[in-house]
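This report refers to the structure that appears directly beneath it.
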Amino acid sequence: MKISFIGYGNLAKAIAKSLQQEKNHQLFAASPSLKAEMNADGVTTNPDNKAIISKANLIILAVKPSQAKDVLKEIALDFPSDSLLVSVVAGVPLSFLAEYCRIDQAIVRTMPNIAIAVGKGAIPLIANARVTEEHKQWAENLFQHAGLTHWTDQEEEMNAFTALSGSGLAYVFLFMEAMVAAAQKLGLSKEVATQFSLQTLDGALTLAKTTPVEIAQLRAQVTSPAGTTAAALYVFKEHNFEKLISEAMEAAHKRAEELGKVKIP
Ligand SMILES: NC(=O)c1ccc[n+]([C@@H]2O[C@H](COP(=O)([O-])OP(=O)(O)OC[C@H]3O[C@@H](n4cnc5c(N)ncnc54)[C@H](OP(=O)(O)O)[C@@H]3O)[C@@H](O)[C@H]2O)c1
């Protein structure tokens, strides 16, 4: 399969890395700063977008939202018939993408997070009406080493996914930073506090994934009445932790809606 990346920044490189485990793909990438060559990872690069799209099966649009319109105007009418356009561009709806393409262009919009680089991405997908079952299979193959995929047919859900998994890595990093800082205040070194925070999160995650009970039940199991954990959870409750998370995710959701409505230049 010939896969062409238009825009080859952080996200495109993470997808390309996950694809390199597959030997049956030919990878191409274009962006203004690339040279016409085959790079050390076996990706054929070019500064000219048009030079890499002929005969492409999958074209991955991975430019910034503000660049999407100009890039689509430049190349979208030249996409091979039967190709699949996969857009990772945040906030840009299917209807916007379709405006610059042939009427029969198959398009998938997705919102992966950068954990795809380690095979742990969370990847919601939505297809337009031109996408066939075979195209869907291509899109799933594209992300098969990248993490969890999920198809939706409600485009407004993409904003909920953006608030959950798109922005979610940062929430967890913030929580870890706060745990490390608090442990340092309690006398541990930064290095040891970081190792123990990571291990605790890893343990919690593995337990949550492998124990067939609700997460709330796991929390109850590790919280003895009047014990140390109960004392800590009481403080979270006093400060309305759940409301805080809910408000933060609502803010991310609202911002995603705003970005989707902004007239992209
Ligand atoms: N990073 C994430 O975690 C993440 C997650 C989900 C979605 N996204 C979305 O993915 C897209 C890319 O994000 P990113 O973080 O990878 O950004 P990035 O690292 O800034 O990459 C943008 C790429 O676009 C290229 N580009 C600029 N103008 C171009 C043009 N006219 N034609 C072709 N390529 C052009 C840039 O090339 P030069 O360097 O040569 O200028 C660069 O390779 C964005 O729309 C973002 O919303 C990102």
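Only the coordinates and a few stated rules stand behind these numbers; no lab work does. In this text, all values refer to a predicted model and were calculated from it rather than measured experimentally. Here the Cβ positions follow ideal geometry from the backbone for every residue, glycine too, while neighbour counts run over all protein chains shown.
Output the 0 to 90 degree angle, nearest 10, between the alpha-carbon long axis of helix 228-238 and the longest principal axis computed from the alpha carbons of the chain.
For helix 228-238, the angle is close to 60 degrees.
Taking the Cα atoms only, what angle lies between the long axis of helix 133-142 and the longest principal axis of the chain, rounded to 10 degrees?
Tilt of helix 133-142: around 60 degrees.
Helix-derived [θ] at 222 nm for the chain: sum -39500 (n - 2.57) over DSSP H runs of at least 4, divide by residue count, nearest 500?
Numbers: 10 runs with 120 residues, N = 265.
Per the formula, -14000 deg cm²/dmol.
Would you list, by chain and number, the aspartates and glutamates whose Cα falls below 12 Å from the Cα of LYS55, excluding same-chain residues fewer than 8 positions away?
ASP78, ASP82
By average Cβ neighbour count within 10 Å, what is the ranking of 249-259, 1-11 from highest down?
Numbers: 249-259: 15.2, 1-11: 21.2.
The most tightly packed comes first, giving 1-11, 249-259.
Helix 65-75 versus the longest principal axis of the chain: what angle, 0 to 90°, nearest 10, using Cα atoms?
The angle comes out at about 20 degrees.
Expressed in whole Å with the largest first, what are the equivalent ellipsoid semi-axes of segment 4-98 derived from the C-alpha gyration tensor as the square root of 5 times each eigenvalue? Walk me through the numbers on the way to the answer.
On the way: eigenvalues 80, 39, 37 Å².
Each semi-axis is √(5λ); the values are 20, 14, 14 Å.
What residues have an amide H closer than 5 Å to that of GLY147, excluding those fewer than 5 places away on the same chain, when H is modeled at 1.01 Å from N in the peptide plane?
When sequence neighbours closer than 5 places are left aside, the close amide H contacts are GLY121.
Just to be sure I understand: of the beta bridges DSSP finds with both ends in the chain, what percent are antiparallel, rounded to 5? Walk me through the numbers before you get to the answer.
Numbers: 5 of 30 bridges.
Of those bridges, close to 15 percent are antiparallel.
When the Cα centres of segment 187-224 and segment 57-116 are compared, how far apart do they sit, in Å?
39 Å
For segment 195-263, max minus min Cα coordinate along each principal axis, in Å, sorted largest first?
Principal-axis extents of segment 195-263 (Cα, largest first): 53, 29, 27 Å.
For PHE5, enumerate residues with amide H under 5 Å from its amide H, sequence gap 5+ or separate chain, H modeled in the peptide plane.
Amide H neighbours of PHE5: PHE28, ALA29, ALA30, ILE60.
Just for the Cα atoms in the chain, what are the lengths along the principal axes, largest first, rounded to whole Å?
Result, largest extent first: 67, 39, 35 Å.
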